[in-house]
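Novice: Here it is, the structure, as structure tokens.
The values are calculated or read from the model by the stated rules, or taken from the named source; none is laboratory data. From a predicted model like this one, the values you see are computed outputs, not experimental measurements. Note that each Cβ is placed from the backbone with ideal geometry, even for glycine, and that neighbours are counted across all protein chains shown. When the accessible area is computed, the model is the full protein with side chains, heavy atoms only, and any ligands, DNA or RNA have been set aside. Shrake-Rupley method; radii C 1.70, N 1.55, O 1.52, S 1.80 Å.
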Amino acid sequence: MRVTGATMNTSDDIRSVHHGLGVAFKSAYNHSGTMVLVSLLWVIASLPLITIGPATLAAYKAVLTLREEGEIDREAVVSTLSQHWHNSVLLSGVFVAFAAVTVGYATNYVLTGAVQSGTLAVVACYLTAHLSAVLVVAFVRLAEGNAVYDAVTGGYSWTATHPFDTVLLGFVSIGLFVLCAVLTVTVCLAFPFLLFTFHVAVVAEREG
């Protein structure tokens, strides 16, 4: 029974990700102008780096309102930013710190070959990858109107209860970037919108 249950859960995860990809590309096709606008605004707003958190939160909210209402609710986006811009800066800062530690250990390992640095680099890489998945869910929850504590704990709970979904979320996100990178210009014009729409679709699909 356990094997059967695990197989069913894995199948549900695959269907969830497949559904999310379908939603992302369908939304991009149906709202091509909005896709370009959201993607470009996210890229421009993220250039100072410190603003990448608020820019990402705004993009998630824009995608959510587009999903629910058929168009972007600018007032809702502004309201969400006014409530959680500082939280989004803090959360993105934590991710950057983890990523910096990972790069530091990895660089030291490459330069010195120290086994300890290599081991710490692997551990830090795993923690950073897990944190990125937690933050994806947390940012979606913030965009939905949850408090920051509920958003973060909800993100951790989601990744803990849907491990295969979490892994697929990461690999498909990387795959989307590679696909858009091959097509060059779409990295700025399409990738952000596709990525955020995919994330929202997968997280919403597995709610409850």
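Novice: Using the Cα gyration tensor of segment 162-207, with a ≥ b ≥ c the square roots of its eigenvalues, what is the shape: rounded (a/c below 1.5), prolate (a/b larger than b/c) or oblate (neither)?
Specialist: Note, shape of segment 162-207 comes out oblate.
Novice: Amide H neighbours of Asp73 under 5 Å, at least 5 residues apart or on other chains, H built in the peptide plane: list them.
Specialist: Answer set, sorted by chain and number: Thr65, Leu66.
Novice: So how do Val96, Val136, Val36, Val110 rank on accessible area, 1.4 Å probe, biggest first, that is with the largest at the start?
Specialist: Final ranking, largest accessible area leading: Val110, Val96, Val36, Val136.
Novice: Here is a follow-up. Roll a 1.4 Å probe over the protein chains and send me the accessible area per residue for the chain in Å².
Specialist: Roughly 55 Å² per residue, with all protein chains present.
Novice: Okay, next question. Relative contact order of the chain: what whole-number percent is it, with Cα pairs under 8 angstrom and at least 6 residues apart?
Specialist: 33
Novice: Here's another thing I want to ask about it. Taking all pairs of different Cα atoms in segment 27-160, averaging 1/r and flipping that mean, what Kirkwood radius in angstroms comes out?
Specialist: 16.1
Novice: Size of the dipole of segment 63-208 about the Cα centre, Lys and Arg at +1 and Asp and Glu at -1 on the beta carbon, nothing else charged, in debye to 20?
Specialist: 520
Novice: What list of ³J(HN,Hα) couplings, whole Hz, do you get for segment 112-121 from phi and the Karplus terms 6.51, -1.76, 1.60, once you set θ to phi - 60° and write x for glycine and proline?
Specialist: Ordered by residue, 3J(HN,Hα) equals 10, x, 5, 4, 4, 5, x, 5, 5, 5 Hz.
Novice: Once you sort the root eigenvalues of the Cα gyration tensor of segment 27-69 as a ≥ b ≥ c, which label holds: rounded (a/c under 1.5), prolate (a/b larger than b/c) or oblate (the other case)?
Specialist: oblate
Novice: Follow-up question, since we're still on this one. Go through segment 190-196 residue by residue and turn each phi into a ³J(HN,Hα) via Karplus (6.51, -1.76, 1.60, θ = phi - 60°); whole Hz please, and just put x for glycine and proline.
Specialist: Going residue by residue, I get 9, 4, x, 4, 4, 5, 5 Hz, with x marking Gly and Pro.
Novice: Express the relative contact order of segment 39-159 as a whole percentage, based on alpha carbon pairs under 8 Å and six or more residues apart in sequence.
Specialist: 24
Novice: Using θ = phi - 60° and the Karplus relation 6.51 cos²θ - 1.76 cosθ + 1.60, list the HN-Hα couplings for segment 64-74 in order, rounded to whole Hz, with x at every Gly or Pro.
Specialist: 4, 5, 5, 5, 8, 10, x, 7, 7, 8, 5
Novice: Sticking with this structure for a sec: Just want the answer: with Cβ charges of +1 for Lys and Arg and -1 for Asp and Glu, which residue in Cys188, Leu37, Trp158 is farthest toward the dipole's positive end in the chain?
Specialist: Going by the charge dipole, the pick is Cys188.
Novice: Pop out the Kirkwood hydrodynamic radius of segment 104-161 from its pairwise C-alpha distances, inverse of mean 1/r, in Å to one decimal.
Specialist: For segment 104-161, the Kirkwood estimate is 12.6 Å.
Novice: Separation of segment 63-140 and segment 160-208 by C-alpha centroid, Å?
Specialist: What the calculation gives is 14 Å, centre to centre.
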